[in-house]
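Reviewing the structure listed below.
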Amino acid sequence: MSFINLRDKVVQVKIVYYGPGRCGKTTNLEYINRKFKEQIQSEMVSLKTHGDRTLFFDFLPFHMGQIKGYDIKIQLYTVPGQVKYNATRKLVLKGVDGIVFVADAMEKQREKNIRSLNQLHENLQSYKESIFKIPLVMQYNKIDLKDHGIPVLPIAVLQQDLNSRLQVPYFEASAITGYNVAATLKKIISSTVVSIQKKLL
Amino acid sequence: MNYGIVNQEQLEHIEEILFQKLIKLGVDCAIIIDMAGNIITVKDTGKSKYDIYSFAALAAGNFATVDAMAKLVGETEFSLLFHKGQDCNIHFSKIDDELLLITMFGRDISLGFLRLNVVEAIDQIQKVWAKEE
């Protein structure tokens, strides 16, 4: 749940990047951290293992300016993607306002994406949230790999697998080159802010 | 409890409690956060320069981890947590299921005295919330 301070006119919004292991959640945040340096006052926090895998979460606070006189502070989080870390994934999802589901477009990751999305559905249920109601954006990441001869799933297949029932906005992206990283972020911020506004009115 | 939005009166009341019970005692910084990592309010001496947003995110994660550990050993919760450093110490204490009070203090305050004051502060803060219900 977003936190709203009426006196200081500050709204804190929590957005979580979710997805299977090695799909590029942290890479998304790292790109945002580099690209929007001037809007980010503090360092990105990464809790990771020696092998550079996310252990708990990455955290990036982001200042978006004002809407109707309210300062919007966006807090970006990623979850650890590895299967064994579901308990921590669930902890990070506490109080979430918007989610970017990062799917790995590589052909061999097809099943992992589906499993991860199903688990997101279950984890949200444990907080009495619904995957069908919460602001959600799909990102089909690693689309650049097809230029390197690595088999990548066609968008139609990814849409069929992951987005046929949800029907949420989606982007092809390449977190490593930055292609559509900002577009994904913009979309999830606007969906989330609109949803918070609706809840308040 | 609707903690998602706090009004001016509640905030001022809570800040006054933090000031009277903790800052006057010599605490560097007192922060109230929720378990999702949002900052509810901060009161400090004006001298501290902490990155409180990152701090809140990490503190919420830290507390959630400890809570999960408590369940593993058959406890319902570990309601307080203390980290001791060379010059700076951090004390975490649960206000209720959703809120956490964090105090940062130096070497010149004894932990026992701080804990007494934290308990009193929490008691008073709970009353401020209860009024709103």
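Please treat every number below as a calculation from the coordinates, not as lab data. Fair warning: this is a prediction, and the values are worked out from it, not measured in the lab. Here the Cβ is made from the backbone with ideal geometry for all residues, glycine too, and neighbour counts use every protein chain on show.
With runs of 4+ DSSP H residues as the only contributors, calculate the mean residue ellipticity of the protein assembly as shown at 222 nm using -39,500 (n - 2.57) per run, divided by the residue total and rounded to the nearest 500. Display every interim value, and only then the final one.
Working: 8 runs with 113 residues, N = 334.
My calculation for the protein assembly as shown gives -11000 deg cm²/dmol from helical runs alone.
The H on the amide N of A:PHE57, modeled in the peptide plane, is under 5 Å from the matching H of A:LEU47, each at least 5 residues off or on a different chain. Which percent of Cα-Cα pairs in segment A:1-82 sits in each 10 Å bin, short to long? That works out to 18, 45, 28, 9, 1, in percent per bin.
Screening chain A for whole DSSP H helices with an alpha carbon extent of at least 15 angstrom along the helix axis and a mean Kyte-Doolittle hydropathy of at least -0.5 yields A:181-200. The overall shape of chain B, judged from the alpha-carbon gyration tensor, is rounded, with an a/c ratio under 1.5.
Per the Kirkwood formula applied to alpha carbons, chain A shows a radius of gyration over Rh ratio, Rg over Rh, of 0.95.
Have a look at B:ALA60, B:ALA121, B:ALA36 and tell me which one the Gaussian network model of chain B (Cα, springs below 10 Å) gives the largest fluctuation. Answer for the Gaussian network model of chain B: B:ALA36. Residue-wise HN-Hα couplings along segment B:8-19, as the Karplus relation 6.51 cos²θ - 1.76 cosθ + 1.60 with θ = phi - 60° gives them from phi, are 4, 5, 4, 4, 5, 4, 5, 5, 5, 4, 4, 5 Hz; Gly and Pro carry x. Computed about its Cα centre, the charge dipole of the protein assembly as shown is approximately 800 debye, with only Lys, Arg, Asp and Glu carrying charge at their Cβ. Evaluated with a Cβ-only charge set (Lys, Arg +1; Asp, Glu -1), segment B:60-107 carries a dipole of roughly 280 debye about its Cα centre, given to the nearest 20.
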